[in-house]
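Quick notes on the structure that follows.
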Amino acid sequence: MARFARILTLVGLLLSLSTLHAQDSAYARRIIRDLTSPEMYGRGMQNRGDSIAANYLRTELKRLGVRPLTKDYYQYFRFPNTTTRPPIVKAGYRSQNVCGYIPGETDSMIVFTAHYEHLGMHGDTIFFGAHDNASGTAAVLDLARMTAQQEGRHYTYVFLFFGGEESGLIGSGYFADMPLIKMNKVKLLINIDLFCGGDEGLMVVNANARETAPYVDMLQRINEERGYAAKIGRRDNAANSDHYYLSQLCPAIFIYTLGGPYGGYHSPTDTCEGCGLGNYTRFLTLIRTFLERL
Ligand SMILES: [Zn+2]
């Protein structure tokens, strides 16, 4: 009987573990589905899709218990130039970064960033932007959700969702000029952009600088021990996402997935249905394990 009970307990444990994992990727799937819905118009200037998405993020942050970095979570900025190819914007158009934090025992900060806006619309065509970057936005929200549930945090966690990335890193560039946090207190900034798929592993940008290399070494060590990703590649710094201007103010890396499945890149085929999340839970566990060792 006792043995039977132990087996039952084991079965129960395995069931709850699998539910936990299913729930982890289910949360991200829900966020990606919402952000890529036609009601967000590709999260660009057309029909103010970017602001609809920003309001969605702010509501979600509030629900998760993430505190605002400004009175309403928003940091407003304006686009400097008019463009005629996607992302189509008018000079002077106002958009916003969405900024929150969860306090810890110290003011030393871990910062997560992702751009939530995308190419918007071209005529009647919606660019859904699941891979780019509803996926990274979902991952950062998911990390906020897990951090909020965690007890006894050493670091203060900051979560920044940038607009204007596709127009040339406008939102993150504005934040670098007008930071809402003390940048010299940032221990590490992790930007996530393009997070569907990942069958071939992960790539880390700005992995070889003096102040970031030890962190990437650690990520690779953890991955060698536990095999969360097929591989972790490393690249020198590049102005290819929102970590770039911030990397001049604090240690900052940019993580993206290698290999599919994802629906497309800068194409209307980049849909929620095309976004594979088969590796997602392992990638998030890798990041969480890394944070525990910091
Ligand atoms: Zn992107």
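FYI, it's all coordinate maths here, none of it is from the lab. For clarity, every value in this text was computed on a predicted model and none was experimentally measured. FYI the Cβ positions are ideal-geometry reconstructions off the backbone, even for glycines, and counts take in every protein chain you see.
Taking the DSSP bridge list for segment 129-255 and keeping only pairs wholly inside it, about 20 percent are antiparallel. Reported to the nearest whole Å, the Cα centre-to-centre distance from segment 183-209 to segment 50-83 is 22.
Taking each DSSP H run with n ≥ 4 as -39500 (n - 2.57) and averaging over every residue of the chain yields -11500 deg cm²/dmol at 222 nm.
Taking Cβ separations below 4.7 Å as the criterion for a possible disulfide partner, the isolated cysteines in the chain are Cys99, Cys250, Cys272. The order of Arg58, Arg63, Arg94, Arg153, going from fewest to most other C-beta atoms within 10 Å of their C-beta, is Arg63, Arg94, Arg153, Arg58. Each Cα pair under 8 Å and six or more residues apart adds its sequence gap; the mean of these over the residue count of segment 90-206 is a relative contact order of 42 percent. Sorting the segments 38-49, 283-294 by their mean number of nearby beta carbons within 10 angstrom, highest to lowest, gives 38-49, 283-294.
Considering only beta bridges that DSSP places wholly inside the chain, some 50 percent are antiparallel. Neighbour counting of Cβ atoms within 10 Å sorts the residues Cys250, Cys275, fewest neighbours leading, into Cys250, Cys275. Amide H contacts of His122: Phe127, each under 5 Å away and 5 or more positions distant or on a separate chain (H built 1.01 Å from N in the peptide plane; Pro and chain starts excluded). Inter-label distance, Ala209 to Arg29: 3.7 nm, where each label sits 7 Å from its Cα along the C-beta direction. Assuming charge only on the beta carbon of Lys and Arg (+1) and of Asp and Glu (-1), the dipole of the chain about its Cα centre is about 660 debye to the nearest 20. Summing Lys and Arg as +1 and Asp and Glu as -1 over all other residues whose Cβ lies under 12 Å from the Cβ of Gly264 gives a net charge of -3.
Legend: helices of the chain (whole DSSP H runs) are marked when their alpha-carbon atoms reach 24 angstrom or more along the helix axis and their mean Kyte-Doolittle hydropathy is at least 0.0; marked are 2-35.
Highest mean packing comes first when the peptides 95-102, 72-79 are listed by Cβ atoms within 10 Å, giving 95-102, 72-79.
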